[in-house]
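**Student:** Have a look at the structure that comes next, please.
The values are calculated or read from the model by the stated rules, or taken from the named source; none is laboratory data. This structure is a prediction, so every number in the text was calculated from the model and none was measured. Cβ placement follows ideal geometry from the backbone for every residue including glycine, while neighbour counts extend to all protein chains displayed.
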């Protein structure tokens, strides 16, 4: 049996439609991936900014300007340069 021209035309149209559907699906997946990547980059930028702020706050909180007044309010004092404090290290117990 010989395939007629109309059947060839229908086969080519179906083939082209399948290829176009595949291209659209691929492009949509690429667009969604790019959108998610952009969202993740934005989120990462926010997190980097928060990390920078926290590091700055830690640095400020551990400075002498902040620690000396807090220590004095607890009744502690700043040691003099000439003071030497020897802290004994306990020896491990022998059995």
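**Student:** Is it the case that residue 55 is assigned to a helix (DSSP H, G or I), surrounded by 10 or more Cβ atoms within 10 Å (Cβ to Cβ) and either in contact with a strand residue (DSSP E or B) (Cβ under 7 Å, 6 or more places away or on another chain) or on the phi < 0 side of the Ramachandran plot (or both)?
**Tutor:** Details: assigned to a helix (DSSP H, G or I): yes; surrounded by 10 or more Cβ atoms within 10 Å (Cβ to Cβ): yes; either in contact with a strand residue (DSSP E or B) (Cβ under 7 Å, 6 or more places away or on another chain) or on the phi < 0 side of the Ramachandran plot (or both): yes.
When the stated conditions are applied, residue 55 passes them.
**Student:** Going through 77, 64 one at a time, which residue ends up being surrounded by fewer than 10 Cβ atoms within 10 Å (Cβ to Cβ) and at pLDDT below 90? So that I can check it myself, show each step before the final result.
**Tutor:** Details: 64 fails: at pLDDT below 90.
From the options 77, 64, the qualifying one is 77.
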